[in-house]
Structures are given as C-alpha cells and as structure tokens.
Amino acid sequence: MVERKQKILEIKDLKTHFFTENGIAKAVDGVDFDIFQGETLGLVGESGCGKSVTAFSVVRLLDYPGKVVGGEVIFKGDDLLQKSEDQMRKIRGKEIGMIFQEPMTSLNPVLTIGFQISEVLKIHYKMGNQEARTKVIELLKQVGIPIPEQRFDEYPHQLSGGMRQRAMIAMALACNPSLLIADEPTTALDVTIQAQILELMKNLLKQFNSSLIMITHDLGVIAEIADRIAVMYAGKIVEHSDTRTIFFNPLHPYTFGLLTSIPRLDLEMEKLESIPGMVPDCLCFPTGCKFHPRCVFATEICQREEPELTGVEDGHLVRCWYVDKVREESKKIGFSRRLSLVE
Amino acid sequence: MLSYIIRRLLMLPLILLGVTFLIFCLFSLLSPMERLATYINNPNVLKNPQSAQRLIEKYHLDDPFPAGYIHWLKSLMKLDFGWSSTANQPVWEAIMQRFPATMELVFYSIIPVILVGIWLGVISAVHHNDLLDQVIRVTAIIGWSLPTFIFGLLILFIFYGILGWMPPGRLSAWAQFAVYTGGNFKHYTHFITFDALLNGRLDIFWDAIIHLIGPIITLSYISWAYLLRITRSSMLDTLRKDYIRTARAKGVEEKKVIYLHAQKNALIPVVTVAGMMIIGMLGGVVITETVFTYPGMGYWAATSAQQLDYGSVIGFAVLFAFIMVVGNLIVDVSYALIDPRVRLE
Amino acid sequence: MNRIIKKLLSNTTSLIGLLLLLFFVVIAIFAPYIAPPLFDDPYQIVRMTWDIEPRPPGFPMADEMRVVFESLGKQVDRDKALFGTAQGGYDIFYGLIWGTRTAFRVGIITVVFSMLIGVISGSIAAYFGGWIDELLMRITDIFLSIPFLVAAMVLTTILGRGLDKVMVALIAFGWMGYARVIRGSILSTKQEIYIMAARALGVKDFRIILLHLLPNTIFPVLVQASMNIGSMVVTAAALSFLGVGAPLGYADWGQMVSFARNWIIGSPGNAGKYWYAVFFPGIFIVLFVLSWNLVGDTLRDILDPRLRGEL
C-alpha cells in the first residue's frame, strides 16, 4: 500500500459556486481529500461533475463568475484560500505546477517554447537568460524532446501534439513543484502517444518526488497512474479509496456503472453497460442523493435524503444508502473475484 | 510566407486594374460632352459643336467600350487626369499641391488613434463589466454615433467660435506669407510642421500646430472609437484563452499576463481592421477638411463635387483608391509578419 | 426569439435605444399633424422669411411669407419657428420633423436593397465556390477599394443631385459587407451534415440555398443591417452637408446642418449667437444614429455565442 508520508495538500469541505444570471451553480459542493508526498490521486468523473473546478479552486484560477464560498485548502500547513494574490502567485508555478488538457491551446501561439518555459524560471528563481536557457534545454531533454536546442526557439504550432504536451510537462516541472495538477493531460492525444506521456509522467514523478492530482474521465489512464482514486459526481465525492479497491470492489452504484461501461477482457460480461441519463445541470440538482434519477438501486429514501460519505472498510469511503446491494452486484459480475485472485 | 507576399504583390495590379475599371464605368455614365469638359481649360470650345466633336474624337471619348477604357488608362499612366476648373490647373498638379497637407493631417491623426484606441480597448477589456468598462464603452458608442461633420462643427464652435483658440485653415495669413511668398522658407518635406522646425521657425511651427489640432481631433475620434471596440472584443476573447490560464498557472504577474501574453495575441486581429480604419480616415478627410476649410485634397474634392468639376472628382477617386489598395497590401503583409503561425508557413 | 426580445427590453442601454427609436417612428408617422406642410410637396421646407441670416427660436413668420402662402390657398396654422430658422429662412423645426421621414426612408431602403444584393451575391459565391466565388469576391474587393464616402460622393456628383440618386449611390457601394458576412457563414454551414444530406437526396441547388442555408445564416446579417441603418443615414446626411446630396430646400437633416456651416462661429462679440442652427439638427442626427447603434450593439452581444450569458 501507499507509504504514509508527509501530507502535502488537504482539502476540507471545499465549496465553489458559479454565480450566473440564471442562478447559483454549485459546481463543487463540499469536497474533502488529502494527498501525501509522492502520491498520485486520481479525480474521476464525467465531464461537468466538478473535478476541474476543484483543481482550479486549489490554485485559485477560477473563471468569472466562479467563487470559492467555503472550506479550506491546506497546502504545506497554510490555507491557500487565505493567501493574498501576491503570495498565491509565488506558489503557482513554483510549488504547484499545472498541466492542461489541450496542449494545442494551452501554449501561447506567439511566444517561443523556450520563452514560455524559461519564463517560469525567470519569475521564481530570477534566472538570467543564459542560465534559464541551459536549464530549459536540460528540461526538454528530460521530457524526451529531441534536438532541444532547436526546439527552444520554435513556436508551438511547429510541434506535434505529443511534443507540445511534453513541453507543457517541462514547464510544469521546471521549478520542481511539490504538487502537480494535471487536468485531462492525455485526452486530446492519440492513444499511442497517451501511453508514452503517462509513462513519462510516472517516471518524472518518481524522479522529482512530486505529488500529482490527475483529473480524468478515462479509467484506463487512472488505473495506470493513480495510487488512490476519488470519484466525483455532481460536485461531491461519492467514493474514495485506493486504486485497487475502487477497481475490484466498487461500492457506489456510480463507480459500478463507470466500471461496467468500459470494455474489459478479464470479465465475463454479457454486454457493455452504460449509465442511463446524463449528469444533472448544476443549476438544479435533484433532491436527496444526486445520483438517484440514474441509479438502478434507488428507492424512496434516496429521493428524500442524501447519504453521508462514510467509511465502510479501512480507508474506503462511500456515499450510498445501499452499499451492500452494490457489493453483491459487483461480486456477481466478478470484480471482487479478480481482487481475491490478485491477492 | 514569401510566396504569400509574392501572391499578394501579383494580385496588386489586378485589383488596381479592377478599381480603375470601376471608376471608368462611373465616368462613362457621363455623356461624351460632359467628359470632354474635364479635358479642356477653355469652356468656350464647347460652344462650337464641330470643334467639340473633333476634340471628342481626339480624346477617344466616343470609342466603344474596350478601346475607350484603354485610352483612358493610357492617359492615367501619363498622369493626365484632365483639367480642374475648380483649381484652374491640371488635375494632377492640383492633387500634388494638396497631397502633403492631407498626408500631414492623416499622419498626425493616426498616432492618437492607435495609442488611445488600443490603450483604452485593453483597459476596457481588463475591467470587463466594471464601471470603467461601461463608461468607456458608452463613450465609444456615443462617439461612434456622432457624425464627423457635426463633431467637427462642434469643435469649431467651441474652440474657435467661443474660445478663439483653433482657427480654421492651415496657416494664419502672416505665416502663409512667410511660407509661400516670403522667399527664404525652404520646403524639405512639404509637411509644414516639419519644414518649420527644419527652418528653425518655431512661430510658424506653433501656428501650424494650432491649425491642425481641430482637424486632428475630428478626424481621429471616430477611428479611435472603432479601434477601441475592436481591441476590447479581441482582448476579451484572448483573455478567455487557455494559454492565458497557463500563464497565470505559472505565476506570471497579472500585468505581464495582460500586456505580454494577451496583448500580443489580441493585437493580431486588430491589425487586420487597420485596413478598415484607413477607409474610415480617408473618407473622413473629405468632411474634416471641408468643415475646417483645411486646404487639402478632401476640401478640394468636395468643392469640385459641388461645382460638378468631374475631372477633379474622378482624379481624386483614382488617387484615393490607389492609396487604399496599397495601404491594404501593407496591412496584410505586416499582419503576416507579426503572426508566427503565418510567418513560418 | 422571445429570449432576444426579453433581453433587449431588460438591458438599459438597448431599452433607451428602443424608446428613442419609438420616438422617431411617432414623429415620422404624425409629421403632417406636428408640422403641417404649406407647399404641395410636403418635403419642401417651409420658409419663415426671405432673410439669409438665421433667426432665433420663436421667430414669427414674416408677413411677406404669410402673403405668399395665403395666395397659394394655404392656411398658416403654425406661424412660429419653434427651433428658429436656418440660413435662408427655412424653418428648422419643420425640416427636422419631415427630415425624420427622409431618414427612415433613406435608411431602410438603402439597407434593404444593399442587403439583398449582398445576400444574393454572397450566397452564390459561397454555395458554388470555385471560379464564381473567386470572381465575385474579387469584385467585392474592388468595390471596397474606394472609401465608402468618397465613392458615394463621386457617384452622386456624376448622377446629379437628388435623394433617389443618393440612395442609388449608397446601395451601389454598401452591399459588400453583407456579401462577405453571408459568404463566411454559409461556407461554414455548408459543411454541416443536414446540407450534405439534402444534397445527397438530390434537392435542387436553388432550393438548398433558399430553404436550408439562408435561414441558418441570416441572423448575423440582420444584426449588421440594424447597425448599418444609422451609418447609411449619416452618410446620406454627410453628402447633403457636402452639397451633393438632397436638393436645396428638401427636408433632410444633413442639409439642415450644412445651412449652419457658415454661421457656426457666430458674429464678433457674440460667438454662440446661432447655436440653434447646429444644435437642433445635430441632436436629431446623433440620437437617431445612437438609437440604432444601441439596439444593434446589444443585439450583437446577445447573438454572439461567445458573449452569451454575460451581458
């Protein structure tokens, strides 16, 4: 299991709302989790469930009209939400690095790759041009970009998608941050490139001893890289445990649904399931458990009352009234059989 | 990139040919007799039908379409635009005499437009939906709705009529005498402000400046309102881009995010509308100069139009069309130069 | 559609614009009652005196003029120049009231016709593509190569004075913007699946343009049109101001301003003497243009998908 080291980040009851003219959208509505040094946490969910908003709340880069309305974000002992904008700026890029989904649009088209990466070093380490250049070329080499001396002076559009994402990674790691937040870093890439990028990230994390919050909707990616997984639905965490437990012993009907909706060779499933319905609009969440309109196990209590996130087993938190029913169902399909085989 | 410039350069003569053809079509709406009037400096010739007919044939004014156009084009290339009855001199000479005055006005007007327009546009976008943004935006809409001729008259009314500061014209009588008749005033650039400095005549320089201020304000404010709008929306658009978030995530200062990361991108589309601004300015020249009786091409063209001096009006149109076409070419090429995505193609 | 109307009404600036517009519509409709005509042609501005010099607001009709109108068999009901008289004794109030009709006529006719020409040429260019597109777009470029006001001035000079000629000139050089906009939006819509489907089903070209493409692309054009009415009216007024537009004495705002030109600096020792000669015509033109711009600006913000939801 994961070594319990120093706690890097602790999020307590984070609430982020968007004040639109059509009403208040509770994009993140009471999220708790923590990350230890060197650990990778996967934040999983369908698009619109609030996982990216959670990440942007941590570094306080929310788009208008979003606002953190409650909770604490304790990073290395200090609450980031209490920091001044100036103090925050010193943390962004230096202590917390970010990687975004679209390497195409996340790099500035009119500035060279070299300029954009060395800018981080110049800001946080006050490096000179020449020093920064040497360091950036070394970084580019580390992320596997060939002929880095030449790439330094090139513009983003001259690089392929995979190369751009490598450059983004180099930028995020330039100051050796203790926490990395990656928002769907592989979604926009080809499958073969995805695997390369994931491999690269894994290696670099080990090398730099950084923690990672990996945001994705792709369970394959998460299985590859995460130590622990938090599944989000409609602004709340619905299940939280270590990766193997989530994959082999899912106890929330939503996680269960996600897992049966990906094709797997190791399970005897008659057909590929899909979760009926859609992620609810965050302007008008259903009452009670927010998943109940789409849930096969739902009964009258689910419509009325929202369950708490409760620990069922050691370190396995679930937000559901019918944990036992789901457990039986996943046994039937064979998730847990696989678990016992592995152990 | 090079191929793009070459392609644009090759298009240039075609567009110019098209423009001259269009103007020729307008010209052809006149009867041969009216067109003949643009070529002669003595109206009495027209009274004799026979000699008039002879002249019409001499100038190929009655030729069928392609031949007539070619003859007209040939005379254009020889800079023979006919006779301006308004200026009482050949059209080309009249144009050349007034060209520097107009260019001096346009030159001084472009500077405040670009500085103020872009600066306010960026500020407005950065303070999106704040009070400041609303004030700038409403001011721009009102400015945009205020026709040049009314605005110009207002300026004249306030600053000359009431305050007596900015007289119309280009120079006061004494300065005009010193510059044109006085003898030892040398014309290096034909921009009076420049020449006055080069001649060491600060009094003339000052006189030229106070005459220029009214026309400059009038000519520039509409383009400024326009540029402000374009910059604002382009900047708003850019500030929503992913790479701006990237820059912030790197810990870049907000000032640098705006003026380095965003502004560089936001100004690219602004450059393209610079062409549109040239259109607005050149059109505005006619009104502005007329309001302030500033002796440039626009004032002359308006006077010619009132007096049905067709030759002058046509010559003016050809020249302005040329300036526009060449100006647009320069804008397109510089657009390609500042955008690396195009430059490195 | 309902959403658009609701937004237009809930936004302060566009509400001001709509109210102003309503004000002008009322003036235009009730012009014969507000300012009863005294000439057979109602667009001929009533003259209060033969004097060249402008007269201040409240100036009563001179006796010699009253005699003229009465000999023409007209009943003179309104015998005070409410806003004063312009150069030549023309009643400013009368000119502005009937000028409102002129403004609507010029604005709407020129915009409708230039929009028609633009939409037709633009959609043909976009739909057929190839050399037709190339040719039509180069023609558009050429028309755009002469500054609008200069082109309109040249054409009216050649055609002669008169409001109809002004409108012809404005239409001849005012259609290119629409052609470009509609071409752009058709080019992107053309790739949509339903158009492909219609083509595959063998629907005729003309039918596809009319029934499938235009309804989906016409909105940006309409926004442009609403903003264009103001600028067309201003350009027409500018031509009158330059002395190549409406004939002398015709009820036209631009002409009213041009009457003020020679008097703007007042007389020695009394600079603001003739303020009314430029003030009232100026206010009318500015408010008219402003109302269209306010409505158009809001309309554009509403319809611009990028700005949706955060007006």
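The values are calculated or read from the model by the stated rules, or taken from the named source; none is laboratory data. Computed from a prediction, not measured in an experiment: that's the story for all the values here. Please note: Cβ atoms are built from the backbone with ideal geometry, for glycine as well, and neighbour counts cover all protein chains shown. We work out accessible area using only protein heavy atoms, side chains counted, and drop any ligands, DNA or RNA first. Shrake-Rupley method; radii C 1.70, N 1.55, O 1.52, S 1.80 Å.
Is it fair to say B:Val135 is within 14 Å of chain C (Cβ to nearest Cβ), open to solvent by 60 Å² or more (accessible area, probe 1.4 Å) and closer than 30 Å to C:Met232 by Cβ? Break it down into steps so the answer makes sense when it comes.
On the way: within 14 Å of chain C (Cβ to nearest Cβ): yes; open to solvent by 60 Å² or more (accessible area, probe 1.4 Å): yes; closer than 30 Å to C:Met232 by Cβ: yes.
So B:Val135 fits the description; yes.
Of everything in region C:111-134 that's among the hydroxyl-bearing types (Ser, Thr, Tyr) and out of contact with any Ser or Thr (no Cβ under 9 Å at 6 or more places or on another chain), which residue is nearest to C:Leu239 (Cα to Cα)?
Of all residues in region C:111-134, those among the hydroxyl-bearing types (Ser, Thr, Tyr) come to C:114, C:121, C:123, C:127.
Subsequent filtering for residues that are out of contact with any Ser or Thr (no Cβ under 9 Å at 6 or more places or on another chain) retains C:114, C:127.
On the way: C:Ser114: 18, C:Tyr127: 36 Å.
Among them, the one singled out is C:Ser114.
On the given criteria, is A:Phe75 open to solvent by 40 Å² or more (accessible area, probe 1.4 Å) and among the aromatic types (Phe, Trp, Tyr)? So A:Phe75 fails the test. Inspect region B:22-32 for any residue being away from chain C (no Cβ under 14 Å) and either touching a Pro at 6+ places or on another chain (Cβ under 9 Å) or part of a loop (DSSP other than H, G, I, E, B) (or both) and give the result as yes or no. There is no residue in region B:22-32 that is away from chain C (no Cβ under 14 Å) and either touching a Pro at 6+ places or on another chain (Cβ under 9 Å) or part of a loop (DSSP other than H, G, I, E, B) (or both).
The number of residues in region C:235-287 that are aliphatic (A, V, I, L, M), assigned to a helix (DSSP H, G or I) and either modelled with pLDDT of 90 or more or touching a His at 6+ places or on another chain (Cβ under 9 Å) (or both) comes to 11. Per the conditions (1) touching a helix residue (DSSP H, G or I) at 6+ places or on another chain (Cβ under 7 Å); (2) among the aliphatic types (A, V, I, L, M); (3) touching a residue at least 40 places away in the same chain (Cβ under 8 Å); (4) surrounded by fewer than 24 Cβ atoms within 10 Å (Cβ to Cβ), the sole criterion not satisfied by A:Ala170 is (4). The criterion of at least 3 residues that are of a type in the set (A, V, I, L, M) is met by the following helices (runs of 4 or more DSSP H) wholly inside region A:40-153: A:51-59, A:113-125, A:129-142. Here C:Val244 meets the list (1) of a type in the set (Val, Ile, Thr); (2) within 28 Å of C:Leu294 (Cβ to Cβ); (3) surrounded by 24 or more Cβ atoms within 10 Å (Cβ to Cβ) almost entirely, failing just condition (2).
On inspection, B:Asp309 qualifies as within 12 Å of chain C (Cβ to nearest Cβ), in contact with a strand residue (DSSP E or B) (Cβ under 7 Å, 6 or more places away or on another chain) and not β-branched (Val, Ile, Thr). Close Cβ contacts (under 6 Å, 6 or more residues apart or on different chains) running from residues in region A:103-132 that are within 8 Å of chain B (Cβ to nearest Cβ) to residues that are of a type in the set (Ser, Thr, Tyr) and assigned to a helix (DSSP H, G or I) comprise A:Ser106/B:Tyr243; A:Ser106/B:Thr246; A:Leu107/B:Tyr243; A:Asn108/B:Tyr243. Taken together, the criteria place B:Val273 among residues that are in contact with a helix residue (DSSP H, G or I) (Cβ under 6 Å, 6 or more places away or on another chain), part of a helix (DSSP H, G or I), in contact (Cβ under 8 Å) with a residue 24 or more places away in the chain and more than 8 Å from chain C (Cβ to nearest Cβ). How many residues are farther than 30 Å from B:Ile330 by Cβ, open to solvent by 50 Å² or more (accessible area, probe 1.4 Å) and modelled with pLDDT under 85 when one looks only at region B:1-45? Final tally of qualifying residues: 6. Hey, could you check region B:160-170 for residues that are at the interface with chain C (Cβ under 10 Å from one of its Cβ atoms) and in contact with a Gly (Cβ under 9 Å, 6 or more places away or on another chain) and say which is surrounded by the most Cβ atoms within 10 Å (Cβ to Cβ)? Going through the qualifying residues, I end up with B:Gly161. Of all residues in region B:254-269, those being within 9 Å of another protein chain (Cβ to nearest Cβ) and open to solvent by 40 Å² or more (accessible area, probe 1.4 Å) number 4.
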